[in-house]
Amino acid sequence: MSMHVPNGRWVVWLSFLVAMLFQIMPLPNIVEAWRPDWILLVMIYWVMALPHRYNILSAWILGVLLDILLGAHLGIRALSMSLVIYVVVLNFQRLRTFPMWQQALVIACLVCLHHLVVFWVEFVVDVASFDVSLFLPAVSSLIIWPWVFWVLRRVRRIYKVR
């Protein structure tokens, strides 16, 4: 009887947990506005790598968990992440073939979309004011994407996640 190796789901959900911790980790006020969207970056990677396993439902679940952890209106980030992941699912084959710099630009646009949807829903539901610092996480996500991609690809290969 041989040992059947699991397909690495625990590795993926552990990466989501680490991203969630990075997302809620306290930072100094100077750096807080530049915080990359760790959950969204990790989710985009896993959707691009394994679209048959991680999709809109996974994004919705992580978005609800993030809303709970941040104490925000329930469902705002779930809606926004689901919309972004829907765009990624529709174009995952195209995104895989892009060079890294183009992927990073697309990721920055998707992060902008995420923040604009969150802002719009918060504006409709509650009072929210527009500020240019809304787009600073897109810049930091653009810069950090190659490293996130490299680390998660390495983890995926080491643990044979499929």
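The values are calculated or read from the model by the stated rules, or taken from the named source; none is laboratory data. From a predicted model like this one, the values you see are computed outputs, not experimental measurements. In this analysis, Cβ positions are derived from the backbone assuming ideal geometry, glycine residues included, and neighbour counts consider all displayed protein chains.
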| Which one of the conditions (1) surrounded by 12 or more Cβ atoms within 10 Å (Cβ to Cβ); (2) part of a loop (DSSP other than H, G, I, E, B) does Ala19 fail to meet, given that it meets all the rest? | (2)
| remark: Among (1) at pLDDT 95 or above; (2) within 15 Å of Val118 (Cβ to Cβ), Gly71 falls short only on (1)
| note | Every listed condition ((1) more than 23 Å from Trp147 (Cβ to Cβ); (2) crowded, with 16+ Cβ neighbours inside 10 Å; (3) not hydroxyl-bearing (Ser, Thr, Tyr)) holds for Trp120 save (2)
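Can you name the residue in region 66-78 that is more than 13 Å from the chain's Cα centre (by Cα), of a type in the set (A, V, I, L, M) and assigned to a helix (DSSP H, G or I) and is also surrounded by the most Cβ atoms within 10 Å (Cβ to Cβ) among such residues? Can you show your working first?
First, pick out the residues of region 66-78 that are more than 13 Å from the chain's Cα centre (by Cα): 67-76.
Then drop every residue that is not of a type in the set (A, V, I, L, M), which leaves 68-70, 72, 74, 76.
Those left that are additionally assigned to a helix (DSSP H, G or I): 68-70, 76.
Details: Ile68: 12, Leu69: 14, Leu70: 12, Ile76: 23.
Taking the candidates together, the pick is Ile76.
If you check Arg77 against the conditions, is it closer than 14 Å to Asp37 by Cα and among the charged types (D, E, K, R)?
On the way: closer than 14 Å to Asp37 by Cα: yes; among the charged types (D, E, K, R): yes.
Taking the combined requirement at face value, the residue satisfies it.
Give me the residue from region 22-32 that is part of a helix (DSSP H, G or I) and of a type outside the set (Val, Ile, Thr) and, out of that set, surrounded by the fewest Cβ atoms within 10 Å (Cβ to Cβ). Lay out the reasoning, then the answer.
Initially, region 22-32 is screened for residues part of a helix (DSSP H, G or I), giving 22-24, 29-32.
With the extra rule that they be of a type outside the set (Val, Ile, Thr), the set shrinks to 22-23, 29, 32.
Details: Phe22: 16, Gln23: 21, Asn29: 6, Glu32: 11.
This residue is Asn29.
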| In region 33-44, is there at least one residue being touching a residue at least 40 places away in the same chain (Cβ under 8 Å), among the charged types (D, E, K, R), crowded, with 20+ Cβ neighbours inside 10 Å and on the phi < 0 side of the Ramachandran plot? | yes
